[in-house]
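Just so it is clear, none of the values below were taken in a lab; they were calculated from the coordinates. Everything numeric here is computed off the predicted structure, so don't read it as measured data. FYI the Cβ positions are ideal-geometry reconstructions off the backbone, even for glycines, and counts take in every protein chain you see.
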Amino acid sequence: MSYNQEQRSTHSIEQDKRIEHLTNQLEKTTKLLENERILFEKERAELNKIQEQLEASIHEKTLDFEEMKRRLIKAVREKADLFNSIYLYEVKLEEEQSRQWVHEDDVLKCTKCETQFGWTLRKYRCRHCHKIFCYYCSNHWHQGSTPNSQHRLCDYCHEKSLTESLMSNYTILDDPDNDTETKTDVNLTFEVRPERLTLPTDNQSSSSEQ
């Protein structure tokens with residue numbers, strides 16, 4: 001019996017040692033996990049702080065981008081307006097230069113079709129550009145300054161007048177956030193005068209030129 005008791009006592013002591021050893025390992029592991037948890041919480045707090053800084057920076061950059069975009073659109077519009085003003089000035093200057101009076105005797109051909117003038121082809125002066133054309137290239141009439149007066153126009157000036165009339169019916173909305181265009185309906189009616197269908201006589205030509 002004493003031998004069995006000794007074995008039991010020895011076995012119990014070994015069990016206690018193993019339990020103590022496992023308990024120590026468990027405590028060490030628990031401390032290690034606690035340290036890891038604290039480190040993880042610290043890193044997560046730092047990452048959250050970095051994320052907030054990045055979001056604030058992105059928001060600031062977005063505002064800067066929108067401001068730069070607005071300024072760019074404004075600059076492009078101002079540049080377009082400047083080019084348009086320069087173009088209109090050049091067109092006006094060219095018109096003024098082209099309106100210089102030319103004597104009929106110095107013109108031998110029609111300004112447009114370049115047909116030689118002669119007994120069968122008379123000269124006619126456009127009342128807008130003051131250049132000399134034949135009957136076929138200047139057979140357009142526009143309302144004069146008085147209700148009963150009409151002015152002869154060449155094909156060039158007539159087409160330009162129609163273009164300006166069409167463009168005047170376009171309305172551009174000058175809204176930076178809305179680049180759409182609205183177009184009003186254009187209704188053009190053309191009246192063919194009977195005297196345009198036949199060549200005028202010498203007396204009619206002289207009276208129309210006056």
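Hey, fewest Cβ within 10 Å first, where do 67, 95 land in order?
Lowest to highest Cβ neighbour count: 67, 95.
At 25 °C and 0.890 mPa s, what whole-number value in µm²/s does Stokes-Einstein give for the translational diffusion of the range 1-123, with Rh from the Kirkwood sum over Cα pairs?
Working: Rh = 26.0 Å.
This corresponds to a translational diffusion coefficient of 94 µm²/s.
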> Residues with amide H under 5 Å of residue 140's amide H, sequence separation 5 or more or different chain, H placed in the peptide plane at 1.01 Å from N; which?
Replying inline: 153
> When the Karplus curve 6.51 cos²θ - 1.76 cosθ + 1.60 is applied with θ = phi - 60°, which whole-Hz ³J(HN,Hα) does each residue of the range 36-49 get, with x for Gly and Pro?
Replying inline: 5, 5, 4, 5, 5, 4, 5, 5, 5, 5, 5, 5, 4, 5
> In sequence order, what are the phi-derived ³J(HN,Hα) couplings for the range 76-84 according to the Karplus relation 6.51 cos²θ - 1.76 cosθ + 1.60 with θ = phi - 60°, rounded to whole Hz, with x for glycine and proline?
Replying inline: 5, 5, 5, 5, 5, 5, 5, 4, 5
